[in-house]
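Right, one structure below, let's go through it.
The values are calculated or read from the model by the stated rules, or taken from the named source; none is laboratory data. The shown structure was predicted, so the numbers you read here are calculated from the model rather than taken from an experiment. Cβ coordinates were reconstructed from backbone atoms using ideal geometry, including for glycine residues, and neighbour counts include every protein chain displayed. Just so you know, the surface numbers come from the protein's heavy atoms only, side chains and all, with ligands and any DNA or RNA stripped out. Shrake-Rupley method; radii C 1.70, N 1.55, O 1.52, S 1.80 Å.
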Amino acid sequence: MGDHRTTLNLLETRFPMRANLARREPQMLERAQSSQLYQRLRELAAGRPKYVLHDGPPYANGDIHIGHAVNKVLKDLVVRSKTVLGFDAPYVPGWDCHGLPIEHQMEKKLAKRDNPNEFRRACRAFAAEQIDIQRVNFERLGVLADWDGHYRTMHPPTEAAIVRALGDLHATGLIYRGLKPVMHCSVCRSALAEAEIEYREVVSQAIDVSFAAAANDKVAAAFGCKDVVNAGAVIWTTTAWTLPANRCLAVHPELVYQLVRTEAGDLIIAENLREQCLQRWKLAGKVQASAPGAALVGLVFRHPFYDREAPVLAGEHVSDAEGTGLVHTAPAHGEEDWKLAAPAGFDARSPVDPAGCYYDWVEQFAGLNIWKAVPKIIEQLRSNGRLLHVVDHRHSYPLCWRHKEKLIYRTALQWFVAMDEKGGGDATLRSRALAAIEDTEYFPAWGRERMRAMVEGRPDWCLSRQRLWNSPVALFVDKRTGEPHPHSDRFFAQIADMIAKDGIEAWFALKPEQLLGEDADRYDKVTDTLDVWFDSGVTHQAVMNWD
C-alpha cells in the first residue's frame, strides 16, 4: 500500500500535531499571568466611560462544574466585548462564603457545634481553601479578571457592608419580627430558603378522620333537615403529625356539601367527592341534604382526641380536587392555615420544637419525634372511633437539599422583609420590583414572564436563620415587647465599624452593655443570622464602593 500522505493537499502550519495540554497549559497560564494583560488594559482604558459588570458570587464550596464555567465564560465575553467597544470594563470576581453548605462540611469534620467561635474559625479557613481551589480553575478557563483583587463575603469590610445594608433596610421600616410558618429542617434546626429545598417522591400514610359535631341540631339547621344522627365533618390529610395542632376546619363557601347517612354516622363531604369517598371507606351512603359551604361556617366540631373545639371557617384555598372537600386547619403548620386561622385569633404556636419533637406541653405525645408519633396518632384515632381510612400514599414532599431529611412547616419567630408595605417611599417593595422587571430587557423574552410570576406570588422574605456561620441580624430586642431597640439605626453603624475591623466574630463576642449601658438588662441580643442570599444580594453595595 502506498504512502497516502503524498496524496493529501494539507496546509503547512506551525501548529503541533498534538495538543499536549499537560505540558502546554502550564506554559500558557504562566504566559498569561506574566503578561499582566488585565492591569495593562486598565491603564489603557483609564478615562474611558465605565461599564461595570458586577460578579454575582459563586459559592465557595467544591470544585467548579459546567455551571460555573458557563457563568464565568459568558461574563468574560461581555466584559471583553465592552472593552473592545471603547469602555473601561473592570471585572472584580468574588465568592459567597457564609451559609449552610460550609457549615454542613464543618459538621462532618468537627461533629460538634458547642464552641461557636472555633466552629466559625474552621468555616472561615475552609472557605479560604475552597476559594484558592476554584480561583486556579477559573484562571484556567482564561477569564480576564482582577484575580488578586477579588472580593469575598467573609472579608471583614464586606461583612460590615452587609450589616450596613441590613441597617439601611431596617431604617425603611420594612423589616419586622413575626410568628409565621416557615419551612424548617429539624437536622439543621433552622428555617430554610427556597433554594435549599428539593422535592422527592415519598410515601406517607393518608388518613380520613371524622370530627364529631358538637351539636347535631345545629348541623341539621345548617342543612335544613330534621333528623341528624352522629354528624361528623370528614377531613383527609397526609400529615397526621399535624393533628395535635388542629384548631379549626375549613370549607369553601361556594362548594356544595352533602350530609350523607352511613354506618359511621351522618358524614359531611363535598358533593363532587361523595362517590369517591364512600368507595374509599367501603361504606354505603344516602344523601340526606345539601348545602353551600357558606351555610356551614360557624358550626362547631370536636377535636378527634383532645377536649377542644374545632369551628368551621370559610377558606378560598379549599377545593374538591381530592380528599373530602373539608380541610383540617393547623395554623402552626401551613401557610394557608396560618393566613386563615391566625387573624381569627386561633392559637398559632408550634407544638413541634426545632428538633422535630413535640414540646412537653403537648398532651399524649410530649417529647415524641413527629414521624415516630404518626402510628400512635393513628392508633389513637382508631380507638376513638374517628378513623375512617388509612392507606400508604405516594406524593411529592419537600426535603432539605443537604441532609435529605423531610422538612416541616412550623411557626417560629423570624425576621421578615415586608413585600407589601410602603417603606421609605410611595411604593411597596413588590410594586417597585415589578416596575423594575418591566424596565429591564430580557433575553430570551419569556424570562420577564417567569420573573414577574415569581415576584407577584412570593410571600414576605424570611431573612433569619438559626445558624453560626452567617452574617448576623445585628439587633437588640426588648425582652417584654419583642421590639427592636429605638436606637437600632445608630447601633448598626457602630456594629458595622466593629465588624469591619474584626469580622462577624465581633458581633458574637459583643456584650450588650458595651452599647446599651444600663439598659442592657432590658434587651436580648438577637442570635439569628441572615439568609445567605442576603449576603450575595447586597455584595454590589460593598464592591462597587471600592472604586
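A few notes on this one:
- For Lys282, no lysines have a Cα falling under 21 Å of its own Cα, not counting residues fewer than eight places away in the same chain.
- Annotation: cysteines of the chain without a disulfide-compatible partner (Cβ-Cβ under 4.7 angstrom) are Cys97, Cys123, Cys225, Cys248, Cys277, Cys357, Cys462.
- Coupling constants for region 345-352 follow from the phi torsions by the Karplus curve (6.51 cos²θ - 1.76 cosθ + 1.60, θ = phi - 60°), and in residue order they are x, 6, 4, 10, 5, 6, x, 10 Hz; glycine and proline get x.
- Violating pairs (Cα-Cα greater than 25 angstrom) within the set Lys109/Lys406; Lys75/Lys109; Lys180/Lys218: Lys75/Lys109; Lys180/Lys218
- Listed values [x] 3, 18, 29, 28, 16, 5, 0; [y] 3, 14, 21, 20, 16, 12, 8, 4, 2, 1, 0; [z] 4, 17, 26, 24, 16, 9, 4, 1, 0 include one computed from this model; for P(r) over Cα pairs in 10 Å bins from 0, in percent that value carries the label [y].
- Under 17 Å from Lys226, Cα to Cα: aspartates and glutamates that are on another chain or at least 8 residues apart: Asp217, Asp266
- Among the trypsin sites (Lys or Arg not before Pro) found in region 286-329, those both in a DSSP coil and sparsely packed, with 12 or fewer other Cβ atoms within 10 Å of their Cβ, are Arg308.
- When each full DSSP H helix of the chain is screened for a Cα extent of at least 30 Å along its own axis and an average Kyte-Doolittle hydropathy of at least -1.0, the helices passing are 116-140.
- Accessible heavy-atom area order of Leu10, Leu326, Leu468, highest first, probe of 1.4 Å: Leu10, Leu468, Leu326
- Proximity of backbone amide H atoms, modeled 1.01 Å from N, is registered between Ile269 and Gln258, Val260 at under 5 Å, excluding neighbours fewer than 5 places apart on the same chain.
- Net charge contributed by nearby residues that have their C-beta within less than 9 Å of Ala60 (K/R +1, D/E -1): -1
- Taking amide H atoms as placed 1.01 Å from N in the peptide plane, the amide H of Met183 lies under 5 Å from those of Leu192, each 5 or more residues away in sequence or on another chain.
- Whole-Hz couplings from phi, Karplus 6.51/-1.76/1.60, listed for region 10-16; x for Gly and Pro: 10, 5, 9, 10, 8, 5, x
- Region 378-396 versus region 21-95: alpha-carbon centroid distance in Å: 60
- Accessible area of region 226-322 divided out per residue, in Å², using a probe of 1.4 angstrom: 42
- Alpha-carbon gyration tensor eigenvalues x 5, square-rooted, for region 136-290, Å: 57, 21, 14
- Sites count as exposed loop sites when they are GluC sites (Glu not before Pro), lie in a DSSP loop, and have at most 10 other Cβ atoms within 10 angstrom; the longest stretch of the chain without one is 13-262.
- DSSP-defined antiparallel bridges as percent of all bridges, the chain, nearest 5: 90
- Residue-normalised accessible area of region 407-523, expressed per residue, 1.4 Å probe, Å²: 54
- Accessible carbon and sulfur surface of the chain relative to its total accessible area, %, 1.4 Å: 52
- With protein chains left intact and a 1.4 Å probe, residues in region 97-176 average 42 Å² of accessible area per residue.
- Region 1-44: trypsin sites (Lys or Arg not before Pro) in DSSP coil with no more than 15 other Cβ atoms inside 10 Å: Arg14, Arg18
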